[in-house]
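The values are calculated or read from the model by the stated rules, or taken from the named source; none is laboratory data. Not measured: the values here are computed from a predicted model. Note that each Cβ is placed from the backbone with ideal geometry, even for glycine, and that neighbours are counted across all protein chains shown. Just the protein is used for accessible areas: all its heavy atoms, side chains included, with ligands, DNA and RNA removed. Shrake-Rupley method; radii C 1.70, N 1.55, O 1.52, S 1.80 Å.
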Amino acid sequence: MIDFPRNTWSEFFSSEKEKSYFKELLKRVEDEYSRHICYPPKESIFEVYKICPPENIKVVILGQDPYHGPDQAHGLSFSVNDGVDFPPSLRNILKELESDIDTAPRLTGNLEDWVKQGVFLLNNVLTVQKGIPDSHRNMGWETFTQNTIEYISSKCDFIVFILWGAKAEEKAKLIDSRHCILRSAHPSPLSSYRGFFGSKPFSKANSALTERNKTPIQW
């Protein structure tokens with residue numbers, strides 16, 4: 001059973017549930033999970049919404065779709081469960097983090113501690129079939145995450161949006177000008193040396209938050 005958040009996201013979800021695209025999306029998701037192995041677990045699809053209500057959001061980092069290997073995805077973009085080897089993109093993110101703010105290497109790829117501080121780790125597509133990246137594209141998730149970004153942009157007073165790669169940058173048009181947008185290449189091995197490494201998103205995000213008298217993130 002799909003588990004929905006029971007916090008202040010309820011207003012947003014109540015509105016989305018009335019829309020025809022979302023009703024169709026849920027049917028397709030249920031069908032996919034009944035016929036195939038899909039990730040993340042059904043109860044974790046909306047995990048980032050459960051952990052981080054709108055009023056707590058300080059930073060949004062937009063990913064593409066969940067990891068498609070066993071035990072990796074748990075509802076937070078780029079994050080993996082404790083004890084799981086770091087996928088290449090996450091490895092590059094943490095490499096840039098160490099370089100950017102001179103922090104000690106992380107022992108886990110589970111980024112839930114970031115989310116609890118207000119880092120909203122959102123994928124553009126929230127589900128995927130095992131072993132087939134991008135397999136749930138065009139099912140309706142893109143509309144849902146677009147509506148999520150527009151909701152955050154309209155409801156929150158100041159957010160740092162970190163957009164990595166061309167797909168994420170397409171969302172910039174949804175974001176109100178009062179927010180801060182940081183852009184760079186995607187952290188995947190195919191593009192990380194084309195502008196991701198050295199982009200310093202973590203220190204820049206904290207500087208933007210500090211300028212607005214907001215507590216910076218303990219990355």
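Numbers for the structure displayed
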{"quantity": "Pair list, Cβ < 9 Å and 6+ apart or interchain, from segment 1-16 residues that are basic (Lys, Arg) to residues that are in a helix (DSSP H, G or I)", "calculated": "Arg6/Lys50"}
{"quantity": "Candidates Ala205, Ala168, Ala104, Ala172, filtered to the one that is at pLDDT below 95, in a helix (DSSP H, G or I) and of a type outside the set (D, E, K, R)", "calculated": "Ala168"}
{"quantity": "Residues of segment 201-217 that turn out to be of a type outside the set (A, V, I, L, M, F, W, C) and in contact with an Asp or Glu (Cβ under 8 Å, 6 or more places away or on another chain), as a count", "calculated": "2"}
{"quantity": "Residue match in segment 81-102 (condition: within 25 Å of Pro5 (Cα to Cα), of a type outside the set (Lys, Arg) and touching a residue at least 24 places away in the same chain (Cβ under 8 Å))", "calculated": "yes"}
{"quantity": "Any chance Ser199 is in contact with a Ser or Thr (Cβ under 7 Å, 6 or more places away or on another chain), in contact (Cβ under 8 Å) with a residue 24 or more places away in the chain and more than 24 Å from Gly75 (Cβ to Cβ)", "calculated": "yes"}
{"quantity": "Test: Asp102 is farther than 29 Å from Leu25 by Cβ, open to solvent by 10 Å² or more (accessible area, probe 1.4 Å), within 15 Å of the chain's Cα centre (by Cα) and charged (D, E, K, R)", "calculated": "no"}
{"quantity": "Enumeration of residues in segment 141-189 that are over 23 Å from Val128 (Cβ atoms), among the acidic types (Asp, Glu) and under 15 Å from the mean Cα position of the chain (by Cα)", "calculated": "Glu150"}
{"quantity": "Residue in segment 133-151 that is nearest to Cys52 (Cα to Cα), counting only those that are part of a loop (DSSP other than H, G, I, E, B) and open to solvent by less than 30 Å² (accessible area, probe 1.4 Å)", "calculated": "Gly140"}
{"quantity": "Residue match in segment 207-218 (condition: open to solvent by 40 Å² or more (accessible area, probe 1.4 Å), among the small types (Gly, Ala, Ser) and over 15 Å from the mean Cα position of the chain (by Cα))", "calculated": "yes"}
{"quantity": "Long-range neighbours under 6 Å by Cβ, at least six apart or interchain, first residue under 25 Å from Pro54 (Cβ atoms) within segment 119-132, second open to solvent by 10 Å² or more (accessible area, probe 1.4 Å) and among the polar types (S, T, N, Q)", "calculated": "Asn124/Gln64"}
{"quantity": "Some residue of segment 83-91 being open to solvent by less than 50 Å² (accessible area, probe 1.4 Å), among the β-branched types (Val, Ile, Thr), modelled with pLDDT under 95 and in a loop (DSSP other than H, G, I, E, B)", "calculated": "no"}
{"quantity": "Residue match in segment 51-59 (condition: at pLDDT 95 or above, of a type in the set (Val, Ile, Thr) and not in a loop (DSSP other than H, G, I, E, B))", "calculated": "yes"}
